[in-house]
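Chemist: Quick one: the structure is below, questions incoming.
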Amino acid sequence: MLSRRNIRIKVMQVLYAMSRDKELSFRHAMLLYNNSIRQSFEMYLFNVLQLIKVAEYSKVDYASKQAKLRPSDEDMAFLPKLGDNEMVRSIESNRGFKTLLTTYKITEKLSEDDTRYLYNEYAKTEDYAQFIAQKTETPEEYRTAMLNLYKHFTGSEHFNDMVEDRYFSWYDDKSLIVGAMKKTLKALPAVGDFYHEFEPTDETVKEFGEILLQKVTHEDDLLLQIIEPALKNWDAERVAVLDMVLLKMALSELMTFETIPTKVTLNEYVEISKQYSTDKSKDFINGILDRLMKKLEKEGKIVKEGRGLIDE
């Protein structure tokens, strides 16, 4: 589920924290990094469980409508089909999923008040009204209903605030989690270890992220020595802290990871700077990295495997 860009952002955030807190050791920095990785998968599990709980709240709504002394025709016609269907049951009863909820302590992060609020909020929408009014009940209609419910979640201020309160990296990882959720819901009913493809992999977490964090941390002085001449009229101390972190990361990536094309590295750090740094950062970083790449390629310090990995 985690892309290299997600990993770069997490490494950037840890390195920035280290630059602000000189007492932060590399061991603690690695713990911060791995905790942020864990949180990403936790957020996926949290989103799945919250969706299921809101869907199942339709059963509570059904009982409430049936218990009225004078239920309306609409109340009598209501069925809890949002939560009482094969799609929801396939996740709710999945043993592996239940084990993960216990391992990551996800259930205790949910609030019944939030679940009720999200259900009542969705119950007022046209999407829900149309779903309840449907006479047919096909698997595709249930998948669409779940997708519509989750779409409502992602646009709900209450839901976004709720997740951010529990996970500080929600807005950094939101597009990632939303993509994983859509893939999960489109594949319903859930079968076996449906969540497995969204678990962090060693290829991105360890072989890329941990190595990048280690290299930048341990070779900080060397990286600065390489960067300083390329700054020309800029004093290194005047460069924004985050911009310097990104330059060091990009430089380390260029010289360390032989299978990542130089153009990919350049574009990735320019894009990250646009999202996290100042308005002028993207042009600054693009210019410095372009200058550094040309110099290091001439010196043979950037070696890439495979054809087309270094721009001619």
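Chemist: Assuming R0 = 25 Å, what is the FRET efficiency of residue 127 and residue 98, from their Cβ-Cβ distance, to the nearest 0.05?
Modeler: Calculated transfer efficiency: 0.30.
Chemist: Can you tally the net charge around residue 87? Count Lys and Arg as +1, Asp and Glu as -1, for every other residue whose Cβ sits under 12 Å from the Cβ of residue 87.
Modeler: With Lys, Arg at +1 and Asp, Glu at -1, the net is -3.
Chemist: Given the -39500 (n - 2.57) contribution per DSSP H run of 4+ residues, what per-residue ellipticity at 222 nm results for the chain, rounded to the nearest 500 deg cm²/dmol?
Modeler: -22000 deg cm²/dmol
Chemist: Here is a follow-up. Take the Cα radius of gyration of the range 219-298 and divide it by 2.2 N^0.38 Å, with N its residue count; two decimals is plenty.
Modeler: 1.00
Chemist: Quick one: if the Förster radius is 45 Å, what FRET efficiency do residue 154 and residue 232 give, using the C-beta to C-beta distance and rounding to 0.05?
Modeler: Approximately 0.50, to the nearest 0.05.
Chemist: With the alpha-carbon atoms as the only input, what is the per residue convex hull volume for the range 1-143 in Å³?
Modeler: For the range 1-143, the hull spanned by Cα atoms encloses 162 Å³ per residue.
Chemist: In whole angstrom, and with the biggest value first, how far do the Cα coordinates of the chain range along each principal axis?
Modeler: 82, 40, 34
Chemist: With angles folded into 0 to 90 degrees, how steeply does helix 262-276 sit against the dominant principal axis of the chain? Use alpha carbons for both and round to 10.
Modeler: With rounding to tens, the tilt is 60 degrees.
Chemist: For the chain, set up a Gaussian network in which alpha carbons nearer than 10 Å are linked by springs, and say which option among 199, 253, 108 fluctuates the most.
Modeler: Answer for the Gaussian network model of the chain: 108.
Chemist: If you don't mind, there's one more thing I want to ask. For residue 263 and residue 165, what does the FRET efficiency come to when R0 = 41 Å and r is the distance between their Cβ atoms, rounded to the nearest 0.05?
Modeler: 0.55
Chemist: Using a 7 Å offset from the Cα along the Cα-to-Cβ direction at both residue 70 and residue 280, what is the distance between the two label points in nm, to one decimal?
Modeler: Computed distance between label sites residue 70 and residue 280 equals 7.1 nm.
Chemist: In what order do 171, 44, 128 fall by count of nearby beta-carbon atoms within 10 Å, going from fewest to most?
Modeler: Taking fewest neighbouring Cβ atoms as first place, the list is 171, 128, 44.
Chemist: Another one. Can you give me the distance in nm between label points at residue 291 and residue 134, each placed 7 Å from the Cα along the Cα-to-Cβ direction?
Modeler: With each label point 7 Å from Cα toward Cβ, the separation is 5.9 nm.
Chemist: Around residue 230, what is the net charge, scoring Lys/Arg as +1 and Asp/Glu as -1 over all other residues with Cβ under 9 Å from its Cβ?
Modeler: It works out to a net charge of +2.
Chemist: Extension gain residue 79-residue 197, at 0.36 nm per residue separation less the Cα-Cα distance, in nm?
Modeler: Taking residue 79 through residue 197 to full extension adds about 39.1 nm, to one decimal.
Each value in this text was obtained by applying a stated rule to the coordinates, not by laboratory testing. Because the structure is a prediction, the values reported are computed rather than measured. Counting neighbours? That spans all protein chains shown, and the Cβs are built from the backbone with ideal geometry, glycine included.
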